[in-house]
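Read-outs throughout are calculated quantities, based only on the coordinates presented, and are distinct from any laboratory measurement. Everything quoted here is computed from the prediction, not taken from an experiment. Cβ coordinates were reconstructed from backbone atoms using ideal geometry, including for glycine residues, and neighbour counts include every protein chain displayed.
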Amino acid sequence: MSYLTKEELKIVGSRPIRPDGVDKVTGRASFGADLSMPGMIWGKVKRSPHAHARILSINTEKAAALPGVKAIITRADFPDVPPEKAYIGEAPANLRDLSRNCMAKGKALYEGHAVAAVAAVSPAVAERALDLIEVEYEVLPHVMDVEAAMASDAPLLHDDVFTVGVDPKPQKPSNIAKVVRFAKGDIEAGFAEAEVVIERRYTTKPVHQAYIEPHACVVAVAADGQCTIWSSSQGQFMVRGYTSRIVGADIADIRAIPAEIGGGFGGKTIVYLEPLAYMLSKKSGRPVKMVMSREEVFRASGPTSGGVIEVKLGAKRDGTLVATQVVLKYQAGAFPGSPVNQGSMCAFAAYDVPNVLVTGYDVVCNRPKVAAYRAPGSPIAAFGVESCMDELARELKLDPLALRAKNAAKDGTKAAHGPTWANIGYINTVEAARQTEHYKTPLGPNQGRGVASGFWFNAGGESSAAVHVNEDGTVTVTEGHPDIGGSRASMAMMVAEVLGVPYDRVRPVVGDTTAIGFSAVTGGSRVTFAGGMAVTRATERVVDELKKRAAITWDISPEAVEWKEGQAFPAGPNAGSFEPLSLGDLAAKAAKTGGPISAEVQLNAQGAGPGFATHICDVEIDRETGFVKILRYTAVQDVGRAIHPAYVEGQMQGGVAQGVGWALNEEYIYDQNGRLENPGFLDYRVPVASDMPMIETVMVEVPNPRHPFGARGVGEVPIVPPMATVANAIADAIGIRLRDLPMSPPRLLAALDPEPIRAAAE
Amino acid sequence: MSKHHVSATINGEPMEFLCEPQQTLLDVLRDELLLTGSKEGCSSGDCGACSVIVDGRLVCSCLMLGVEANGRLIQTIEGLAEGDKLHPVQQKFLEHAALQCGFCTPGLIVAAKALIDENPDPTEEEARYWLAGNLCRCTGYDKVIRAVLDAAAEMRAEAAQ
């Protein structure tokens with residue numbers, strides 16, 4: 001059933017307080033590091049100090065002799081895992097690589113790569129034991145940057161990586177793990193037809209998801225192999241699946257309990273600690289707690305790629321795009337698997353262009369393996385493409401939103417990566433942006449305005465939900481997705497809407513892996529879409545069952561029962577004359593009418609509606625310091641239908657702030673030996689409250705017909721436009737185009753006045 | 001290594017604990033007293049997730065040693081609500097949807113309470129600079145700032161009655 005045309009939604013679209021809210025404002029909510037168990041000990045990881053080194057030997061004798069040390073593990077404790085793909089997390093992970101990322105085999109591939117781990121009676125003893133583990137390394141030449149890693153004489157990370165996607169199959173190994181291509185039309189003929197061609201090169205730095213909660217878990221393995229994992233992640237089933245494969249345990253022997261998660265943004269769609277804690281617990285017979293330090297989070301967990309984006313746009317003088325081309329080179333980190341494939345597909349997804357060529361390179365280098373980060377791959381491509389669109393608009397003296405409107409992908413447009421669009425709202429976001437008061441407001445001196453757009457696929461996939469009517473007529477809904485930003489509220493709202501009961505009669509629970517059927521990760525902007533679909537379908541089955549129970553009570557046919565506003569009514573005069581039966585009435589009589597009233601639905605949701613956004617930003621430049629102040633920011637987005645508008649706005653605002661950090665300040669700084677110099681929040685500067693203005697949101701609603709309430713994913717696309725939006729605003733303010741991120745004060749000063757820099761260098 | 005005996009008043013209750021000299025106040029709160037509402041995000045005083053109020057002053061509990069708590073009055077997130085009555089800052093965080101993951105929330109709420117205690121009528125800019133030591137990666141701060149200003153307004157109105 002669809003509720004798209006339902007005249008009056010009572011709950012969906014309102015802004016109730018989230019069910020887990022009180023726990024989270026009072027400190028009661030239990031996150032990854034908050035659990036303690038009787039007999040629990042503490043695990044710590046020994047990490048490589050080298051960016052690239054052969055591990056010659058590991059001597060654990062002295063550490064093992066330290067009083068209080070209960071277990072030590074190295075790679076030798078882990079089984080070898082075949083290099084197969086597993087679609088458990090957000091992106092397909094190569095299980096062998098994932099295993100070797102958790103614990104290095106043979107070589108350490110980046111500074112911070114785990115080489116051993118200990119468990120001891122206290123964190124302090126575990127730290128001392130780490131110092132006593134002796135690792136002998138042969139330091140190897142390393143390579144950090146993407147184009148350096150692509151060179152034929154670059155140090156090789158892996159002797160078994162041969163470039164995929166080139167013909168003929170290469171005979172020599174390479175750091176280029178994969179080449180992807182998406183093409184449409186005839187690119188050469190397209191550029192020949194162009195009256196204006198703009199060709200530019202842009203670069204981005206790797207940035208971390210920078211969730212405030214470091215990775216944390218407690219793992220307890222019993223003597224018979226049965227195991228409980230309590231951890232903070234974007235998916236308890238992901239934790240269970242990956243851990244089982246890496247340690248060689250049966251899935252049925254692992255119960256993964258989702259702690260509250262303190263931010264993830266994609267970075268918690270894989271495992272780092274759980275397999276190590278499993279092995280330490282197995283060896284010691286004790287529950288083992290592991291918590292990463294902030295420094296470890298930066299050195300050893302996945303940022304997203306730094307990249308090079310080479311864009312070429314061909315257009316007619318009136319702004320019609322005739323050919324667009326981009327070459328994307330993305331750092332994958334120590335193992336193949338950057339988000340270059342997604343970036344390649346997203347690059348021109350917002351535009352209707354007859355001739356398109358996209359080439360992407362997935363390149364390994366001696367950095368931590370990248371992990372998913374909010375719309376993985378798309379923001380990097382968009383920084384280049386959307387900056388270049390602005391350069392084209394300036395060249396053609398066109399309004400940048402008019403240029404986008406002229407070329408906007410619409411229903412029926414065939415995208416270069418394959419799909420033909422249907423029910424998309426891109427042009428609606430551009431038009432809504434043009435109509436904002438913000439876009440029409442005059443600017444002052446040293447101020448500038450930029451706009452940019454973005455695209456993200458959004459995901460569907462496997463979800464489960466169970467709806468139970470309790471004996472007193474209240475309702476419990478169990479879902480399989482960790483609640484990372486208010487999804488419990490959305491789930492309860494959809495259940496309450498379908499059942500016709502007040503929101504506070506429905507209590508949502510995130511179930512552990514034994515309490516609910518398999519559910520894919522909280523990622524890809526999929527939970528409200530796929531999880532919401534499962535919850536709605538389960539509630540509809542409960543309504544069918546309630547009608548049946550009323551029919552039994554009244555001894556009439558179930559078809560003669562109508563359900564509205566939380567009560568069963570006879571469908572018409574022919575059905576008979578009975579007093580309505582409420583949910584509470586039917587719940588109280590459940591035993592007499594057939595037993596408990598519940599329904600569980602498992603599904604593989606298809607038809608996630610694509611997400612498009614258009615952003616506007618005003619900046620003011622301080623020419624003395626190079627500081628860029630964000631004066632005003634408006635995010636316009638097609639959200640399908642906002643189930644809980646406040647949390648949709650929150651996703652948009654959060655994505656913007658992360659994008660502003662990516663644009664202006666965030667970057668990894670390495671020394672010449674490949675060692676990270678800024679592994680903390682003082683020097684890796686994420687936006688703070690005083691960096692940001694209020695963030696205005698405009699929710700455009702083009703309902704997604706594949707979701708019962710019209711929802712489409714909203715969490716990821718808001719991080720796609722900001723980098724180019726800010727760069728375009730800076731160019732508007734000072735007439736200087738910055739093509740390299742971050743656009744930090746030193747970079748801006750150098751661009752404003754390159755002379756002193758040159759003089760200093762000479 | 002011998003442990004130190006420390007007496008402090010935590011959330012209005014006299015408490016005693018033993019702690020090692022290198023343990024921070026945050027370690028003591030979380031691991032010894034099981035007050036896990038204060039969070040560890042960085043252990044370097046940069047993120048503010050461990051914010052507590054010591055003798056009326058806002059501090060990062062990761063930057064203070066447990067032994068330094070001796071004789072002090074300490075307020076943590078667990079002590080803000082009175083029974084089932086939330087502090088106005090807590091209530092406004094809920095009403096404004098000022099949290100997403102909720103991990104930075106205890107620290108932000110403690111810091112916001114300390115702000116309003118000191119400055120009952122903060123401007124938006126004052127609130128933003130006061131809270132600049134509390135990182136939130138989810139919200140972009142918009143709803144956080146709205147919640148704090150609204151809580152301050154409500155507390156002023158209550159005080160005027």
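Whole-Hz Karplus values for segment A:144-151 come out as 10, 9, 5, 6, 4, 5, 7, 5 Hz, taken residue by residue from phi with 6.51 cos²θ - 1.76 cosθ + 1.60 and θ = phi - 60°; glycine and proline positions read x. Computed from Cα atoms alone, the Kirkwood hydrodynamic radius reported for chain B is 16.0 Å.
Farthest toward the positive end of the dipole of chain A, out of A:Val22, A:Ala63, A:Pro170, is the Cα of A:Ala63, where the dipole comes from beta carbon charges about the Cα centre. Using 0.36 nm per residue and subtracting the Cα-Cα separation, the extra length available between A:Asp399 and A:Glu136 on full extension is 88.6 nm.
Each part gets one Cα centre, and for segment B:82-100 versus segment A:500-526 those centres are 23 Å apart.
The mean sequence separation of alpha-carbon pairs under 8 Å and at least six residues apart, normalised by the residue count of segment A:101-235, gives a relative contact order of 10 percent. Return, ordered by residue number, the residues of segment A:102-118 whose backbone nitrogen is under 15 Å from a label point located 7 Å along Cα→Cβ of A:Asp160. Output list for this probe position: A:104-107.
Using 14 Å as the cut-off for backbone N distance, which residues of segment A:623-663 belong to the label zone defined by a point 7 Å from the Cα of A:Asp753 along Cα→Cβ? Hits in segment A:623-663 for A:Asp753 at 14 Å: A:623-627. For segment A:625-635, 3J(HN,Hα) computed residue by residue from phi via the Karplus equation (6.51, -1.76, 1.60; θ = phi - 60°) reads 10, x, 6, 9, 9, 7, 7, 7, 9, 10, 10 Hz, glycine and proline entered as x. Taking the number of Cβ atoms within 10 Å of each Cβ as an exposure proxy, the fewest-first ranking of A:Asp732, B:Asp142, A:Asp167 is A:Asp167, A:Asp732, B:Asp142. Each label was represented as a point 7 Å from its Cα along the Cα-to-Cβ direction; for A:Gln226 and A:Asp544 these points are 3.5 nm apart. Computed over segment A:678-762, relative contact order equals 11 percent, with contacts defined as Cα pairs under 8 Å that lie 6+ residues apart. Applying a threshold of 32 Å to the alpha-carbon distances of A:Lys44/A:Lys85; A:Lys107/A:Lys178; A:Lys85/A:Lys172; A:Lys178/A:Lys397 flags A:Lys178/A:Lys397 as lying beyond it. The loop-placed chymotrypsin sites (Phe, Trp or Tyr not before Pro) in segment A:267-307, going by DSSP, include none that has at most 16 neighbouring Cβ atoms within 10 Å of its Cβ. Amide hydrogen proximity for A:Tyr670: with H placed 1.01 Å from N in the peptide plane, the residues at 5 or more positions away or on another chain lying under 5 Å are A:Glu677. Mean partner shielding of peptide A:29-36, defined as the number of other chain Cβ atoms within 10 Å of each residue Cβ, is 4. The mean number of Cβ atoms from other chains found within 10 Å of a Cβ in peptide A:256-265 is 3, as a whole number.
Can you give the % of DSSP beta bridges in the protein assembly as shown that are antiparallel, to the nearest 5?
Values: 114 of 148 bridges.
For the protein assembly as shown, the DSSP antiparallel bridge percentage is about 75.
I need A:Phe455, A:Phe383 ordered by Cβ neighbour count within 10 Å, fewest first. It would help to have the intermediate numbers written out before the result.
Working: A:Phe455 28, A:Phe383 32.
Going from least to most buried by this count: A:Phe455, A:Phe383.
Amide H contacts of A:Lys107: A:Ile55, each under 5 Å away and 5 or more positions distant or on a separate chain (H built 1.01 Å from N in the peptide plane; Pro and chain starts excluded).
If R0 is taken as 56 Å, the Cβ-Cβ distance between A:Ala422 and B:Glu68 corresponds to a FRET efficiency of 0.30.
Extension gain B:Met15-B:Lys85, at 0.36 nm per residue separation less the Cα-Cα distance, in nm?
Numbers: separation 70, 0.36 × 70 = 25.20 nm, distance 2.36 nm.
Extra length from B:Met15 to B:Lys85 when fully extended: 22.8 nm.
Scalar couplings 3J(HN,Hα) for segment A:300-306, obtained by applying the Karplus form with A = 6.51, B = -1.76, C = 1.60 to θ = phi - 60°, are 10, 9, x, x, 9, 5, x Hz; x denotes Gly and Pro. Remark: mean inter-chain Cβ contacts per residue of A:674-680 equal 1, using a 10 Å Cβ-Cβ cutoff to other protein chain atoms.
Taking 7 Å steps out from each Cα toward its Cβ at A:Glu437 and A:Asn604 produces label points 5.0 nm apart. Each peptide among A:184-192, A:434-442, B:30-38 gets the average number of other Cβ atoms lying within 10 Å of its residues, and from highest to lowest they stand as B:30-38, A:184-192, A:434-442. Spin-label pair A:Ala252-A:Glu61: with each label point 7 Å from Cα along the Cα-Cβ axis, the two points sit 4.5 nm from one another. Subtracting the Cα-Cα distance of B:Ser44 and B:Asp121 from 0.36 nm times their residue separation leaves 24.7 nm of extension gain. If you wrap the Cα atoms of segment B:88-160 in a convex hull and average its projected area over all directions, you get 4.1 nm².
Cβ crowding within 10 Å ranks B:Phe103, A:Phe31, A:Phe237 as A:Phe31, A:Phe237, B:Phe103, fewest other Cβ atoms first.
Based on the Cβ-Cβ distance of A:Arg200 and A:Glu84, what FRET efficiency does E = 1/(1 + (r/R0)^6) give at R0 = 45 Å, to the nearest 0.05?
Details: r = 40 Å, r/R0 = 0.89.
Between A:Arg200 and A:Glu84 the formula returns 0.65.
Close amide H pairs (under 5 Å, H built 1.01 Å from N) link A:Arg47 with A:Val115, residues at least 5 positions away or on another chain.
With a Förster radius of 45 Å applied to the beta-carbon distance between B:Gln22 and A:Asp186, the computed FRET efficiency rounds to 0.05.
Based on the mean of other Cβ atoms within 10 Å per residue, sort peptides B:76-83, A:328-335 so the most packed one is first.
Listed from highest to lowest mean packing, they are A:328-335, B:76-83.
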